[in-house]
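**Q** What follows is a single structure, and I will ask about it in a moment.
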Amino acid sequence: MSATSGIRPADAATSASATASHLDSGVGARAPVVLVTGGARRIGRELSLGFAARGWDVAVHYGESRAAAGEVVAQIAALGRRAVALHADLGNEAQVARLVPDCVAALGRPACVLNNASRFEEDTARDVGYAKLLQLMAVNVGAPLVLARTLYEATPEAAATDETLRTCVINVLDQKLYNMNPDYLSYTLTKAALQNATVALAQALAPKVRVVGLAPGLTLQSGDQTPESFAAAHQVTPLKRASRPADLVEAALYLAKASGVTGTTLVVDGGQHLVPLPRDVMFLTGG
């Protein structure tokens, strides 16, 4: 099977390409298609490659990681799947609104939009302000809302009665919503808003579109964490391991196909949310 391997800016994705024969219209043609935001790096990369390895064609969204997106597209092509890299600034509503149509033009209508990308910046109640809060809100909440809306618009009315045509939105949340602490305040508030939006969207977009949440724990080394503090953080869980990339891939694949699941969140964190902590785990393990 051929693969689309070029980097395509969002405003160019409507041009004819090697994928022209797949400008479909139905999820059932060839392989299912997933659009992964922030699909070029870290967890997004793992999700993009994990879906491809399980037979999905992948639209890899990127913001600034153009080269990394190209590498992921090439890796997906090597797996025998089709892929395209699509650029959009998730803080720009017009660019976000083009992502689903551009995915349709390049690969076909997505069966799943995986809202993985988010801005993660540190602030507290002592220094919180409008500027950072609004920037994070646009990317972490606004973009998933617009992508859900545009996926709904791209899903045919027949999906209301034909379950095989239905689509799915997976919003990546955070296990700290189930184990609250005051760190990363603006980020936390945006994820809390997205969690509530997941429920509201599931109600509003049914039956054409299912909307679910996926809440990982500490999965990859972040910030100033050392390998030692990262390993120690994994031990602060009932299972002595927090989430790993493979865990999130398997959970996302399940949710993408779980036709009877909507409006709920799957927490994948090794039980980290069962151990109340006064601060983010990164601050309690020497990171």
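The values are calculated or read from the model by the stated rules, or taken from the named source; none is laboratory data. Remember, it's a predicted structure, so these values are computed and weren't measured experimentally. Cβ atoms come from the backbone with ideal geometry, glycine included; neighbour counts cover every protein chain shown.
**Q** Taking region 78-136, which residues are in contact with a helix residue (DSSP H, G or I) (Cβ under 6 Å, 6 or more places away or on another chain) and without any contact (Cβ under 8 Å) to a residue 40 or more places away in the chain?
**A** Of everything in region 78-136, those that are in contact with a helix residue (DSSP H, G or I) (Cβ under 6 Å, 6 or more places away or on another chain) and without any contact (Cβ under 8 Å) to a residue 40 or more places away in the chain turn out to be Leu79, Asp89.
**Q** Exactly one condition in (1) modelled with pLDDT under 95; (2) surrounded by 18 or more Cβ atoms within 10 Å (Cβ to Cβ); (3) in contact with a strand residue (DSSP E or B) (Cβ under 8 Å, 6 or more places away or on another chain) is false for Tyr178; which is it?
**A** (2)
**Q** Ok, one more. Scanning for something part of a loop (DSSP other than H, G, I, E, B), buried (at least 17 other Cβ atoms within 10 Å of the Cβ) and aliphatic (A, V, I, L, M), does region 129-151 turn up at least one residue?
**A** If we filter region 129-151 for residues that are part of a loop (DSSP other than H, G, I, E, B), which is where we start, we get 129.
Pick out the ones that are also buried (at least 17 other Cβ atoms within 10 Å of the Cβ) and you get none.
Within region 129-151, not a single residue is part of a loop (DSSP other than H, G, I, E, B), buried (at least 17 other Cβ atoms within 10 Å of the Cβ) and aliphatic (A, V, I, L, M).
**Q** Next up: Kindly list, by first and then second residue, each pair from a residue in region 183-194 that is closer than 11 Å to Ala125 by Cα to a residue that is in a helix (DSSP H, G or I) and among the aliphatic types (A, V, I, L, M), limited to pairs with Cβ atoms under 6 Å and residues at least 6 apart or on different chains.
**A** Correct list of pairs: Ser186/Leu133; Ser186/Leu136.
**Q** Taking Thr155 as the residue in question, decide whether it is touching a Lys or Arg at 6+ places or on another chain (Cβ under 6 Å) and surrounded by fewer than 24 Cβ atoms within 10 Å (Cβ to Cβ).
**A** Details: touching a Lys or Arg at 6+ places or on another chain (Cβ under 6 Å): yes; surrounded by fewer than 24 Cβ atoms within 10 Å (Cβ to Cβ): yes.
Spelling it out, Thr155 is indeed touching a Lys or Arg at 6+ places or on another chain (Cβ under 6 Å) and surrounded by fewer than 24 Cβ atoms within 10 Å (Cβ to Cβ).
**Q** Pro110 passes all but one of (1) assigned to a helix (DSSP H, G or I); (2) in contact with a Leu (Cβ under 6 Å, 6 or more places away or on another chain); (3) not aromatic (Phe, Trp, Tyr); which number fails?
**A** Pro110 satisfies all of (1) assigned to a helix (DSSP H, G or I); (2) in contact with a Leu (Cβ under 6 Å, 6 or more places away or on another chain); (3) not aromatic (Phe, Trp, Tyr) except (1).
**Q** Scan Thr198, Thr124, Thr164, Thr190 and give me the residue that is farther than 24 Å from Arg42 by Cα and outside any loop (DSSP other than H, G, I, E, B). Spell out how you get there, then give the answer.
**A** Numbers: Thr198 fails: farther than 24 Å from Arg42 by Cα; Thr124 fails: outside any loop (DSSP other than H, G, I, E, B); Thr190 fails: farther than 24 Å from Arg42 by Cα.
Within the list Thr198, Thr124, Thr164, Thr190, the selection yields Thr164.
**Q** Test of understanding: among Arg82, Arg54, which residue is buried (at least 22 other Cβ atoms within 10 Å of the Cβ) and modelled with pLDDT of 95 or more? Reasoning before the result, please.
**A** Details: Arg54 fails: buried (at least 22 other Cβ atoms within 10 Å of the Cβ).
Just one listed residue meets the conditions, Arg82.
**Q** Can you tell me which condition Ala111 does not meet? The list is (1) touching a strand residue (DSSP E or B) at 6+ places or on another chain (Cβ under 8 Å); (2) modelled with pLDDT under 95, and all the others hold.
**A** Unmet condition: (2).
**Q** Same structure, new question: Looking at Ser243 and the list (1) closer than 15 Å to Leu47 by Cβ; (2) surrounded by fewer than 23 Cβ atoms within 10 Å (Cβ to Cβ); (3) at pLDDT below 95, which single condition is not satisfied?
**A** (2)
**Q** Among what's in region 265-287 and is assigned to a helix (DSSP H, G or I) and at pLDDT 75 or above, pick the residue that is surrounded by the fewest Cβ atoms within 10 Å (Cβ to Cβ). Give the steps one after another, and end with the answer.
**A** To start, the set of residues in region 265-287 that are assigned to a helix (DSSP H, G or I) comprises 272-274, 281-284.
Next, only the ones that are at pLDDT 75 or above stay: 272-274.
Numbers: Gln272: 27, His273: 20, Leu274: 14.
Once the filter is applied, the top-ranked residue is Leu274.
**Q** Can you find even one residue in region 95-102 that is buried (at least 24 other Cβ atoms within 10 Å of the Cβ), over 20 Å from Val169 (Cβ atoms) and among the aliphatic types (A, V, I, L, M)? Outline the logic, then answer.
**A** Of region 95-102, the ones buried (at least 24 other Cβ atoms within 10 Å of the Cβ) are 96, 99-100, 102.
From what's left, over 20 Å from Val169 (Cβ atoms): none.
Within region 95-102, none of the residues are buried (at least 24 other Cβ atoms within 10 Å of the Cβ), over 20 Å from Val169 (Cβ atoms) and among the aliphatic types (A, V, I, L, M).
**Q** Moving to a separate point now. Filter region 204-226 down to residues that are of a type in the set (Val, Ile, Thr) and modelled with pLDDT of 75 or more and give me whichever is nearest to Leu177 (Cα to Cα).
**A** First, the residues of region 204-226 that are of a type in the set (Val, Ile, Thr): 209, 211-212, 219, 226.
Then keep just the ones that are modelled with pLDDT of 75 or more; that gives 209, 211-212.
Values: Val209: 24, Val211: 18, Val212: 15 Å.
Residue satisfying both the conditions and the ranking: Val212.
**Q** Also: Consider Ser229 carefully, then state whether it is among the polar types (S, T, N, Q) and either at pLDDT 95 or above or in contact with a strand residue (DSSP E or B) (Cβ under 8 Å, 6 or more places away or on another chain) (or both).
**A** Numbers: among the polar types (S, T, N, Q): yes; either at pLDDT 95 or above or in contact with a strand residue (DSSP E or B) (Cβ under 8 Å, 6 or more places away or on another chain) (or both): no.
Considered against the rule, which asks whether it is among the polar types (S, T, N, Q) and either at pLDDT 95 or above or in contact with a strand residue (DSSP E or B) (Cβ under 8 Å, 6 or more places away or on another chain) (or both), Ser229 comes out as no.
**Q** Now for a different question. Kindly establish whether Ala117 is assigned to a loop (DSSP other than H, G, I, E, B) and touching a strand residue (DSSP E or B) at 6+ places or on another chain (Cβ under 9 Å). Explain how you work it out, then say what you get.
**A** Numbers: assigned to a loop (DSSP other than H, G, I, E, B): yes; touching a strand residue (DSSP E or B) at 6+ places or on another chain (Cβ under 9 Å): yes.
When the stated conditions are applied, Ala117 passes them.
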